[in-house]
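Peer 1: After the structure tokens below, expect a handful of questions from me.
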Amino acid sequence: MSNYHIKHLEEYYQVYRKSVINPENFWQEVAEEHFVWRKRWDSVLEWDFTKPEINWFKGAKLNITENCLDRHLLTRGDKTAILFEPNNPEEEAQHISYKELYEKVNAFANVLKSQGIKKGDRVCIYLPMIPELAMAVLACARIGAIHSVVFAGFSATALATRINDSDCKMVLTADGSFRGAKTIDLKGIVDEALNDCSCVENVLVVKRINSDITMQKGRDQWLQPLLDKASTVCEPEIMDAEDPLFILYTSGSTGMPKGMVHTTAGYMVYTAYTFKNVFQYKENDVYWCTADIGWITGHSYIVYGPLANGATTLMFEGVPSYPDYGRFWEIIEKHKVNQFYTAPTAIRALAKEKLDYVESHDLSSLKVLGSVGEPINEEAWHWYNDNIGKKKSPIIDTWWQTETGGIMISPVPYATPTKPTYATLPLPGIQPVLMDENGNEINGNQVDGRLCIKFPWPSIARTIWGNHKRYKETYFSAFENKYFTGDGALRDEVGYYRITGRVDDVIIVSGHNLGTAPIEDAINEHPAVAESAIVGFPHDIKGSALYGYVILKETGESRNHDNLRKEINQIITEHIGPIAKLDKIQFTVGLPKTRSGKIMRRILRKIAGNDISNLGDTSTLLNPEVVQEIIENKL
Ligand code: WT7
């Protein structure tokens, strides 16, 4: 039996049992057999969820890029590491071998050093989905700099907030990006953001779209000439197991985005282990995850997990609708993709189009179909299963979070029988529990509750950058001695988990995690707005869309409401990005509030979702009369 590679269901149960009975032993075996260490650990795990403090492989020394690159040179030097498919299908795909990737990352790492970046410095990466993005990430890891990738769809304000929060010394960006038929002026956005960031000393710019940009003297330089001069050998910085590897921001229900900090050894071990098992990757397979590296899915399952396994990982620059809705299927055929990992929102959007787009392509290379980011509804599950997998490729509904670093609950394809809308079983090392509102663990099957994890796993985020108190409050205070996920879940008669959605004020729109508070803060900046509340409502393609209730100041009342709606969405776009725009904006004279002044979002959610037959208890409201008013004016 191999701990590292599970092949059938009995094996899964055996390995799982082992991982729970003696987690230290289990992870020690995985770590020993599959990675390169410069020094062995002194202890496998030390933890205390009350502080909270978690150490995996304490005392060990390593560099993650040595595990992702150097060690493959001998056996896989000429194998394709990154397969790049450009936005424009007419542009040739690039096959970057492990040897080439090694050399490019080393050169990039030397450039970073020459620009004064040292171990522990933060480097913000704001790049499109081009190979330089993966190289930038790895170059930081090579020299021990902490990367903070910001998804290149975020606005200048959102970028500036993230740069300042972690005091980034450098920004890596491009002149612009291609997105379908459009181009985006990334450098212009960076320039605007940097007006508010005094911490940034240098900006390195990748030339991608050949646009006319301004380079600020003394601050901005083109990357390529620096790379051309750099040596292709850069000794890896030897890191402690618990040294931070990266920061990645995720929205919270309140306040600033949270800079989740992931550390080196545990993250490496867990992402590599889960990649191997969840995708059943075999040596000559071509694996494709459609996420952007700006999200955790891309960090763990485009870059680190696949490369740690010596896999071929496809990076796609474009969008599923360009030049037409057949693009995904065309790419699968063209590169003979074996494992395909995407989001329910993409599946729903493509399922709306003519089936011709699918049927004109040969998808017979596919073996595993993954889904991530939000619950996959039954209809989308079946469409994916019938039309893409032809009922032959198991659908892997993978549940996890930015905070968990890696996939937590998921079928193991060809081992775990799948069930539509169920993420099924916890992966080895993961101990989920369901809790009731009084903080008691709910035992047995056919129950639902709040999803917590009661034992640490190697890739759990260790803190929130600069705010350990918030880390403790957000994840370890709701339930004693447990990590609280923020999700609700149910467990069926055989112990399968189905994630039912967020139980807090986070809304998942098209797979993007959005907090209500930052959006409300943005709206409230509008001079005509007095107050606002955002809720989610069901949407065919996006899963959830945003519904805003807005109270206007007297000065706003006389204004044209459609213009106000446009202005409000404009402000949101500037503060956060177009992904956070509201689908519906209802102007109202009041919001239902409790006596302590808290907005009753539950009621607003029901109204927005057309579910007003049972609004629940409204007796604690300070102003019950506004409820009727809101219902009557519902959009
Ligand atoms: C939230 C985390 C994990 C990478 C992408 C999102 C929801 C994620 C599933 C799934 C149901 C899911 C949860 C979770 N979610 N995957 N398979 N089924 N819900 O990462 O932005 O940190 O969002 O996404 O609500 O808490 P994220």
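The values are calculated or read from the model by the stated rules, or taken from the named source; none is laboratory data. Remember, it's a predicted structure, so these values are computed and weren't measured experimentally. Cβ atoms come from the backbone with ideal geometry, glycine included; neighbour counts cover every protein chain shown. Protein only, heavy atoms only, side chains kept; ligands, DNA and RNA dropped before computing areas. Shrake-Rupley method; radii C 1.70, N 1.55, O 1.52, S 1.80 Å.
Peer 1: Only one residue in ALA60, ALA93, ALA109 is touching a helix residue (DSSP H, G or I) at 6+ places or on another chain (Cβ under 6 Å) and more than 30 Å from GLY218 (Cβ to Cβ). Which one?
Peer 2: ALA60
Peer 1: I would also like to ask the following. Which one is farthest from ARG162 (Cα to Cα) among residues in the stretch 461-481 that are within 15 Å of the ligand (Cβ to nearest atom) and touching a strand residue (DSSP E or B) at 6+ places or on another chain (Cβ under 6 Å)?
Peer 2: That would be ALA478.
Peer 1: Take residues that are open to solvent by less than 10 Å² (accessible area, probe 1.4 Å) and of a type outside the set (Lys, Arg) and tell me which of the strands (runs of 3 or more DSSP E) falling wholly in the stretch 40-150 contain 2 or more.
Peer 2: Hits in the stretch 40-150: 53-58, 80-85, 122-126, 146-149.
Peer 1: Look through the stretch 489-525, keep the residues that are surrounded by fewer than 17 Cβ atoms within 10 Å (Cβ to Cβ) and on the phi > 0 side of the Ramachandran plot, and return whichever of them is nearest to the ligand (Cβ to nearest atom).
Peer 2: In this case the residue turns out to be GLY501.
Peer 1: Scan the stretch 408-427 residue by residue and report those that are small (Gly, Ala, Ser) and within 11 Å of the ligand (Cβ to nearest atom).
Peer 2: SER410, ALA423
Peer 1: In addition: For the stretch 237-269, give me each residue that is more than 30 Å from VAL535 (Cα to Cα), surrounded by fewer than 21 Cβ atoms within 10 Å (Cβ to Cβ) and either touching a Ser or Thr at 6+ places or on another chain (Cβ under 6 Å) or among the hydroxyl-bearing types (Ser, Thr, Tyr) (or both).
Peer 2: GLU242, ASP243
Peer 1: Here are some residues: ALA272, ALA311. Which one is away from the ligand (no atom under 16 Å from the Cβ), open to solvent by less than 10 Å² (accessible area, probe 1.4 Å), within 25 Å of PRO236 (Cα to Cα) and out of contact with any strand residue (DSSP E or B) (no Cβ under 9 Å at 6 or more places or on another chain)?
Peer 2: Criteria check complete, one pass: ALA272.
Peer 1: Tally time: how many residues in the stretch 422-444 are more than 13 Å from TYR496 (Cβ to Cβ) and either open to solvent by 40 Å² or more (accessible area, probe 1.4 Å) or out of contact with any helix residue (DSSP H, G or I) (no Cβ under 7 Å at 6 or more places or on another chain) (or both)?
Peer 2: So the answer is 12.
Peer 1: Would you check if PHE455 is within 23 Å of the chain's Cα centre (by Cα) and open to solvent by 10 Å² or more (accessible area, probe 1.4 Å)?
Peer 2: So PHE455 fits the description; yes.
Peer 1: Here's another thing I want to ask about it. For the stretch 347-369, name all the residues that are in contact (Cβ under 8 Å) with a residue 60 or more places away in the chain and either within 16 Å of the ligand (Cβ to nearest atom) or surrounded by fewer than 18 Cβ atoms within 10 Å (Cβ to Cβ) (or both).
Peer 2: Scanning the stretch 347-369 gives ARG348, LYS352, SER365, VAL368.
Peer 1: List every residue pair whose Cβ atoms sit under 9 Å apart, with the two residues 6 or more apart in sequence or on different chains, where the first one lies in the stretch 370-385 and is closer than 24 Å to LYS276 by Cβ and in contact (Cβ under 8 Å) with a residue 24 or more places away in the chain and the second, anywhere, is assigned to a helix (DSSP H, G or I) and within 7 Å of the ligand (Cβ to nearest atom).
Peer 2: Note: pairs meeting the criteria are VAL372/THR297; GLY373/THR297.
Peer 1: In the stretch 449-540, which strands (runs of 3 or more DSSP E) lie fully inside it and hold 2 or more residues that are polar (S, T, N, Q), without any contact (Cβ under 8 Å) to a residue 12 or more places away in the chain and under 30 Å from GLU379 (Cα atoms)?
Peer 2: none
Peer 1: Identify the single condition in (1) within 23 Å of the chain's Cα centre (by Cα); (2) not in a helix (DSSP H, G or I) that GLY305 does not satisfy, given that it satisfies every other one.
Peer 2: Of the numbered conditions (1) within 23 Å of the chain's Cα centre (by Cα); (2) not in a helix (DSSP H, G or I), the odd one out for GLY305 is (2).
Peer 1: Can you name the residue in the stretch 370-407 that is open to solvent by 30 Å² or more (accessible area, probe 1.4 Å) and within 14 Å of the ligand (Cβ to nearest atom) and is also nearest to ILE331 (Cα to Cα) among such residues?
Peer 2: Ranking the qualifying residues of the stretch 370-407, first place goes to GLY373.
Peer 1: Okay, moving on. Can you name the residue in the stretch 587-612 that is more than 27 Å from ALA528 (Cβ to Cβ) and touching a Lys or Arg at 6+ places or on another chain (Cβ under 9 Å) and is also surrounded by the fewest Cβ atoms within 10 Å (Cβ to Cβ) among such residues?
Peer 2: ASN610
Peer 1: Considering each of THR474, THR418 in turn, give the residue that is open to solvent by less than 60 Å² (accessible area, probe 1.4 Å), within 21 Å of the chain's Cα centre (by Cα) and polar (S, T, N, Q).
Peer 2: Answer to the check: THR474.
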